[in-house]
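Q: Let me give you the structure first, and then I'll get to my questions.
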Amino acid sequence: MPTTLESEEHKALRSAVAALGNRHGRTYDREALWSEAAKLGYLGVNLPEAHGGGGGGIAELSIVLEELGAAGCPLLMMVVSPAICGTVIARFGTEEQKRDWLPALADGTRTMAFGITEPDAGSNSHRITTTARRDPDTGDWILTGRKVFISGVDIADATLLVGRTADARTGNLKPCLFIVPRDAEGFTRRRIDMELDAAEKQFELTLDDVRLPADALVGDEDAGLLQLFAGLNPERIMTAAFAIGMGRYALARAVEYARDRTVWKAPIGAHQAIAHPLAQAHIDLELARLMMQKAACLYDAGDDVGAGEAANMAKYAAGEACVRAVDQAVHTLGGNGLTREFGLASLITAARVSRIAPVSREMILNYVSHQTLGLPKSY
């Protein structure tokens, strides 16, 4: 177990989740693991106790995802359902929305997807074209637009979807969040054929005049960006946890192999050409985890601005560390690293996800150069 500056409670949580993950392992059944993690209280560890959660924060939830990933069985929808959607509803939802969704998200009986990315908007959230307009006669919302690369829509009961409404004062469009049930009329999905070995599938969504009741809006119609980023910071922190867990899993397999594999009268791990890159991968993962812990601490303390910077840095560092760790692990095993038997080759593609999503490393470098260093904005 890696040494960390953690409380006894966090260490105990890490140990317990690691045991759960090791029982399920790399050939895990996603639904069975999701159900067991929920029963043990891990899925809702960040949600309010008053609504069936554990009363913790993103710090605790990131430990759960990291340890499951390190055991080879990460649950990607933890990034989305409790971390993004649960956080947004807990912070900004109506009392009815909290009662309706939070206990079910915590006990795993309901799952929520998150829809922000659009085909033509890319990283520019200001170009989102999915619009929401009010029906003046009924007060209903009517949503029209498209989303792409939305995870787990087929297993989610609803999607927390980012649309834009017209500001009556300026005429400008502002982001708002809506809960769209899976079976809403006019809400259709098309699975995207991905060369990615993952339990959760990716979808393109179409909203063709989807009519929602007035109470489908989450939070204040005029506080869109604040509410949106309240969910995006946990998303970055949890993506870092996902990447760090994957990197740790790959590194552990490589270290085990390097200890046992003997070619020139000694285990290959005795040679610095093998040992040093693995040591460097370990250092990179540990450094990324420290920034992830900082980001989670700031977020849970209510420092949204400080958490934004740290969450972006953590996601960047973890994505880079994960890709390097997986690459070095595969290389350590040589040809065996590409076999199904050892189960590392599929991580090559999966590791790339942590560099690309939910925000590319280039956009993070834009953020840090502009927001942190004060350089002129380039986009």
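Q: So, for the stretch 241-379, what is the accessible surface per residue at a probe of 1.4 Å, expressed in square angstrom?
A: 51 Å²
Q: For each pair in LYS147/LYS377; LYS174/LYS377; LYS201/LYS377; LYS265/LYS315; LYS11/LYS174; LYS39/LYS174, compute the distance between the two Cα atoms and list the pairs where it is over 32 Å.
A: Violating the 32 Å limit, Cα to Cα: LYS201/LYS377; LYS265/LYS315; LYS11/LYS174; LYS39/LYS174.
Q: Then there's this: Given the Cα-Cα distance of ALA166 and SER15 and 0.36 nm per residue of separation, how much length would full extension add, in nm?
A: Using 0.36 nm per residue and subtracting the Cα-Cα distance, I get 49.5 nm.
Q: Any chance you could look up the accessible area of THR129 with a 1.4 Å probe, heavy atoms only, rounded to 10 Å²?
A: THR129 has an accessible surface of roughly 90 Å² with all protein chains in place.
Q: Next question. Ignoring any ligand, DNA or RNA, what whole percent of the accessible area of the stretch 1-135 comes from carbon and sulfur when the probe is 1.4 angstrom?
A: Carbon-and-sulfur percentage of accessible area, whole number: 49.
Q: For the stretch 230-379, what % of the accessible area comes from carbon and sulfur atoms, probe 1.4 Å?
A: Carbon and sulfur together cover 58 percent of it.
Q: Could you order LYS174, LYS265, LYS294 so the one with the most accessible surface comes first? Probe is 1.4 Å.
A: Final ranking, largest accessible area leading: LYS265, LYS294, LYS174.
Q: With charges set only on the Cβ (+1 for Lys and Arg, -1 for Asp and Glu), what does the dipole of the stretch 1-155 come to about its Cα centre, in debye to the nearest 20?
A: Using Cβ point charges on Lys, Arg, Asp and Glu, the stretch 1-155 gives about 300 debye.
Q: Calculate, for ALA273 and ILE356, the FRET efficiency according to 1/(1 + (r/R0)^6) with r their C-beta to C-beta distance and R0 51 Å; round to the nearest 0.05.
A: That pair, ALA273 with ILE356, gives E of 0.95.
Q: With only Lys, Arg, Asp and Glu charged, each at its Cβ (+1 for the first two, -1 for the last two), find how big the charge dipole of the stretch 321-379 is about the Cα centre; round to the nearest 20 debye.
A: 140 debye
Q: Let me ask something else about it. Compute the long axis of helix 304-333 from its Cα atoms, compare it with the longest principal axis of the Cα atoms of the chain, and write down the angle in degrees, 0 to 90, nearest 10.
A: 40 degrees
Q: Okay, moving on. Which residue, VAL180, ALA310, LEU333, has the largest displacement toward the positive end of the dipole of the chain when charges sit on each Cβ (Lys, Arg +1; Asp, Glu -1)?
A: Projecting each Cα onto the dipole axis, the largest value belongs to LEU333.
Q: In angstroms, what radius of gyration and Dmax does the chain have, counting Cα atoms only?
A: Final numbers for Rg and Dmax: 21.2, 82 Å.
Q: Also, I was wondering about something else. Give me the one-decimal nm value for the distance between modelled label points at LEU365 and THR138, 7 Å along each residue's Cα-to-Cβ direction.
A: About 5.0 nm, to one decimal.
Q: A further question on this structure: Where only protein heavy atoms count, and the probe is 1.4 Å, what is the accessible area per residue for the stretch 1-62 in Å²?
A: I get 51 Å² per residue for this part.
Q: In addition: Could you order the peptides 211-218, 233-240 from most to least packed, using the average number of other C-beta atoms within 10 Å per residue?
A: Put in order of decreasing packing, that is 233-240, 211-218.
Q: OK, next. What figure, in Å² to the nearest 10, do you get for the accessible area of GLU9 with a 1.4 Å probe and non-protein molecules left out?
A: 130 Å²
Q: Next question. Any idea what the dipole of the chain comes to, in debye rounded to 20, about its Cα centre with Lys/Arg Cβ at +1 and Asp/Glu Cβ at -1?
A: Around 1200 debye, computed over the chain.
Q: Can you give the accessible area per residue of the stretch 104-232, in Å², using a 1.4 Å probe?
A: Solvent-accessible surface per residue comes out at 48 Å².
Q: List the chymotrypsin sites (Phe, Trp or Tyr not before Pro) within the stretch 239-295 that DSSP assigns to loop and that have no more than 13 neighbouring Cβ atoms inside 10 Å.
A: Here the sparse-neighbourhood loop sites are TRP264.
Q: What are the ³J(HN,Hα) values, in whole Hz, obtained from phi via the Karplus relation 6.51 cos²θ - 1.76 cosθ + 1.60 with θ = phi - 60°, for each residue of the stretch 85-101 in sequence order, with x given for Gly and Pro?
A: 5, x, 5, 4, 5, 5, 7, 10, x, 6, 4, 5, 5, 5, 5, 6, 10
Q: Once you have the alpha carbon radius of gyration of the stretch 142-265, what is it after dividing by 2.2 N^0.38 Å, with N set to its residue count?
A: Taking the Cα Rg and dividing by 2.2 N^0.38 Å, one obtains 1.52.
Q: Here is a follow-up. Calculated FRET efficiency, ARG340 and LEU196, Cβ-Cβ r, R0 22 Å, to nearest 0.05?
A: Step by step, r from the Cβ atoms, then E = 0.90.
The values are calculated or read from the model by the stated rules, or taken from the named source; none is laboratory data. Because the structure is predicted, anything quoted here is derived from the model rather than measured. Every residue, glycine as well, gets a Cβ built from its backbone with ideal geometry; the counts of neighbours run over all protein chains shown. In case anyone asks, the SASA skips ligands and DNA or RNA and just uses the protein heavy atoms, side chains included. Shrake-Rupley method; radii C 1.70, N 1.55, O 1.52, S 1.80 Å.
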